[in-house]
1. Within chain C, what's the longest stretch lacking GluC sites (Glu not before Pro) that sit in DSSP loops with no more than 15 other Cβ atoms inside 10 Å?
2. Picking from A:Leu56, A:Leu153, A:Leu78, which is most flexible by a Gaussian network model of chain A using Cα springs under 10 Å?
3. Taking 0.36 nm per residue of separation and subtracting the Cα-Cα distance, what length does fully extending C:Val332 through C:Ser359 add?
4. Between the stretch A:324-378 and the stretch A:174-244, how far is it from one alpha carbon centroid to the other, in angstrom?
5. With chain C treated as a Gaussian network of Cα nodes joined by springs under 10 Å, which of C:Ala21, C:Ala149, C:Ala346 yields the largest mean-square fluctuation?
6. According to the Kirkwood expression over distinct Cα-Cα pairs, how big is the hydrodynamic radius of the stretch C:248-398, in Å?
7. Could you go through the stretch C:410-421 in sequence order and give the Karplus-derived ³J(HN,Hα) for each residue, using 6.51 cos²θ - 1.76 cosθ + 1.60 with θ = phi - 60°, rounded to whole Hz, and x for Gly and Pro?
8. Place a point 7 Å from the Cα of C:Val418 along the Cα-to-Cβ direction; which residues of the stretch C:371-387 have their backbone N under 19 Å from it?
Amino acid sequence: MMRRTWVIKAILVVSFLALTILGGLGLYEQRRFDIPIVAGPGVTKVVKLSDYSQGLKGTIADTLVFILEGKEAGGKALIMANTHANEPEGMLAALIMIENAVVDRGTLIIIPQFNHSASRNTKPGDGYPLYFEIETEWGKKTFRMGNRDASPLDQWPDPDVYIHYPEKQLLSFIDARNTNRTWPGRPNGLLMERVTFAAMEIMRREKVDIAVDIHGAETMFPVTNCIVAPEKSLRIATMAALTVKAKEGFDSHVEPSPVGFRGLSHREIGDHAETLPFLLEAPIPFLDQPTGPKTEKFLLDGKDPFLLSLARKKKLFVPYDESGWPVEKRVGQHCSLTMEILRQHAKRVPDRAVEVRGVPRYADIVKNGVGSYFHDPAKAERSKIYLN
Amino acid sequence: MVMIFYYVISAFLAVLLIWNFIREKKNVEDMALYLLVLVPLVLRILRVK
Amino acid sequence: MSGQIGIILGVMILAYAAAKAAKLSVEISMFLSAVAGGIGGALVRTPSFGQLFRHLVEGSFTYLDVILVFSTATIFMAIISESGGVNYVVRATVRYFYNKRVIALLLLMIIILIPGALTGAGSISLLVVGAPVAMALGLLGIPKRRVAAILFIVAGLSAAAPPVNIWAMILTAGTAIPYVGFELPLGIPVLLLGTFTVLVLGLRKQAATTFEKALKGMPEVPAKMSWWRVLIPFLVFFGSVLAYRIWPFRFPVLGLPLEFTLSAVAAWLVSPKKINILTLSRDTVKRLLPLLATIVVVGMLQQVMTATGVRGLLSFAVISTPLVLLILSLAVVIPVSEGVLTYGAAAVVGIPLIWYLDSIGFHATVAIAGLTLLWPLGDGLPPTALIGRLSVMVSEYKESYWKFLRSTWLPWLLITIVGILMIVFSARLEFLVRWSM
């Protein structure tokens, strides 16, 4: 009898170890997987976010900041992507800019993994793939699929309710790890508040004119396929949306940033710095709830039969057909809109212009694919490769 | 620094689960459940996830 | 695609039914159902076989913090209970209010409401104060089945009660609506429905007891027990919760598990009786095991359901229903989704539902409040039936589970009607949100 108990226990322990080790290994590796970024011809300096706020030094929340300076003096623009690391189109657009953009005038500052901890986190319960691959001319480039929120390994525990600084608005406990709720942040606050504070410091110290925060949003979410802008950015946002519609043939409407909802980049950046903030949303069907399996293919092509059926019942906020909403369209929109916002700003304030070339537009990316703008790290100069 | 307490709480809980698992003599289902609950705790303590 | 996903869903249901038929526990059956669903999905490579273990392990993290809250809160309450504190309070309530039945019932209702309102979990209410309140209700001459029914409904309401309502928090976080303005839209219905429940189920005295007999039936309290000894641990708890609310930028974020741990230490220090904290904690974890295992397994189940598309199919089915039918069907869909997924239901069904209702002119905050009155009802439904099982456990009711569930029908019906009316008239009730802020 005694013997039997021990045999059962041994079997159970072996099963437990197998489950834990085999299941845990993938998660362990994802957190440690680095994406090589090949700094393009325009990159003049690469610094760390902690250079602007000591509180990030030595933490996993510290992240690379790519600086592209033009020969001529002008304005400054900050591009942030992976604020939500499960909306990867922003990061892909930012990497295309880092690897290809050349700045003629002014300065472009790009943070491709803004919530770095979240990019090394996964979303329990949501069954995402751990990675996704983009086809390039030289093979496949692999990226981590992150989470909306920072990892509890880096910021734990959550409060029972998150109290926004400085407005004291009550937000959901989980938003304490969401870098689009912790703006404008504080130097010694929660780790994610230190991340947004450091970005605010970039904007204040470098006198940044324009900040673009790039996201993706569900097709069933009313605030999708749009530019969110506060009062002071509205004119530029509207002009940018109208111009891309007329010249490049894709839609993106303008949503005013609500005054009463705190912690968001498009609200707080404008309220706490001279910078004009813009938040870009492109539809990412993968994040919708009523969809089929959460596969890598679906993440990239955005095709889903359930969403198609719901679109016919007019329950989506974007047009949706058999072609889905592929990553090329999403990344293309982000690149075009970002460049158009810079152009509209240059037209209004010529001495603070940021002039950029080399960034492909919507039609180019839809035609050539996202991967054709990434350079082979194996062939690049070692000093040009950054792991992020 | 509060985070350290959370690893201590998790470890305390893990020890209780293991202790109960060892003491359990008859109920095979309970043995299995102790180990199932242990999965996320152990991986958190090891800072895997 | 829906055919393929439907088959996987069928496989999961079959696996669950087979496991139950083999007389396995709910938790193990759910685990086997998750594994079967994963294997079923892997046959069509959604997800691939190589990812199966990863999905199970990753899913087990979904509610890790809830596990810590449950464990620390229960150990805290076990110490209070062991030290005689709980009996002390219930004894006082019965002594002072035995002949004022309505007041006694209302006080006991408030006692159940508080822990759940603060933590967002009705199970905490039951684990913390369930047993002594059940005893007090019994002494007031209420039969066990009705005691269990009162505990179940009021504990469910406590989870919905402000300030912490986890369903509403999951929904607001997922729909980008601020978690503000819920105090009145949740507080008023919870108090009214709670009062209705305790009066309907508790006002009639069935067993013939006298005051003396009632008092004699109560367990003895250690002689050195006093109000201070009972209050200090709770003051530590409420103090640490309130300190962050009052000084959010100076007081560190402690989180519920640490707040409960500190209160537990305080309770241990002021206990008039020596308590062996290790054996007490060990026994508490043993008692909690089914609950903890359910939480872990539900996370796994949720992850497998999403990776295979089953979760999406269910969500799709809800969203594609025509509006009037949809609103009527909420009476069934919401509790059943809770019974299967617990808190995961708020994300699966709730988020797309709120987006949809919001887009056609419903007031999101009031609609969320209405929905979160319906979810706790599902905590009495299988397969999980978390709160139902706990209610039965702490009230020591031994007969059929279904008989117990049937006796909740009147409050159940009223809560359903109130919740659905709140959703339908959400735009007109918008003033409740304004007054809360």
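1. No qualifying site falls inside C:1-219, the longest such stretch.
2. Evaluated over chain A, the most mobile residue of the options is A:Leu153.
3. In short, 7.4 nm is gained.
4. Taking the Cα centre of the stretch A:174-244 as reference, the centre of the stretch A:324-378 is 18 Å away.
5. Greatest mean-square fluctuation among the candidates belongs to C:Ala21.
6. Over the stretch C:248-398, the inverse of the mean reciprocal pair distance is 18.4 Å.
7. 5, x, 4, 4, 5, 4, 4, 5, 4, x, 5, 5
8. C:371-380
FYI, it's all coordinate maths here, none of it is from the lab. These numbers come from a predicted model, not from an experiment. Neighbour counts are summed over all protein chains in view; Cβ atoms, including those assigned to glycine, are modelled from backbone coordinates with ideal geometry.
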